[in-house]
Amino acid sequence: MATITFKGNPIHTIGQLPSTGAACPDFRLVAGDLSEATLSTYGAKRKILNIVPSLDTGICQMSARRFNTEAGALTDTVIINISADLPFAQKRFCDSEKLGHVVNLSSFRSPQFGHAFG
């Protein structure tokens, strides 16, 4: 467990946060079409992971919007929003916000994802 701060109070994550420069552990998550996606799904592109609990919360929504804006200027890069939301909810949010530069993946079938990524 790692200790982080939420609203000024210490809380614990489900696992250890990856250290800077560590290799990204592989994952198997659910894409919008309910297929499974892994790191290799995105080939040799640089991958930026925006991991949030739920796109139904204000801070997580703000993060997704910001990553979408920044992604528009990047080449050979994929921004992956990962949350525990169902793929349908992720799509509904991104469609309503017109977030077209990010990919959504859901961890709803993968409880081990939290342990691997903190």
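Looking at Gly8, Gly15, Gly43, can you tell me which residue is open to solvent by less than 50 Å² (accessible area, probe 1.4 Å) and on the phi > 0 side of the Ramachandran plot? Break it down into steps so the answer makes sense when it comes.
Working: Gly8 fails: open to solvent by less than 50 Å² (accessible area, probe 1.4 Å); Gly15 fails: on the phi > 0 side of the Ramachandran plot.
Going through Gly8, Gly15, Gly43 in turn, the sole match is Gly43.
I need the full set of residues from the stretch 104-118 which are in contact (Cβ under 8 Å) with a residue 60 or more places away in the chain and either open to solvent by 40 Å² or more (accessible area, probe 1.4 Å) or in a loop (DSSP other than H, G, I, E, B) (or both), in order please. Hits for the stretch 104-118 are Ser107, Phe108, Arg109, Ser110, His115, Ala116, Gly118. Here Ala44 fulfils each of the conditions (1) under 18 Å from Phe117 (Cβ atoms); (2) without any contact (Cβ under 8 Å) to a residue 60 or more places away in the chain; (3) out of contact with any His (no Cβ under 7 Å at 6 or more places or on another chain) apart from (1). Filter the stretch 64-84 down to residues that are open to solvent by 20 Å² or more (accessible area, probe 1.4 Å) and not in a helix (DSSP H, G or I), then give me how many there are. Of the residues in that region, 7 qualify. Reported count of residues in the stretch 77-98, each being in contact with a strand residue (DSSP E or B) (Cβ under 8 Å, 6 or more places away or on another chain) and touching a residue at least 24 places away in the same chain (Cβ under 8 Å), is 13.
The values are calculated or read from the model by the stated rules, or taken from the named source; none is laboratory data. Quick caveat: nothing in here was measured; it's all calculated off a predicted structure. Cβ coordinates were reconstructed from backbone atoms using ideal geometry, including for glycine residues, and neighbour counts include every protein chain displayed. Heads up: the accessible areas ignore ligands, DNA and RNA and are worked out on the full protein's heavy atoms, side chains in. Shrake-Rupley method; radii C 1.70, N 1.55, O 1.52, S 1.80 Å.
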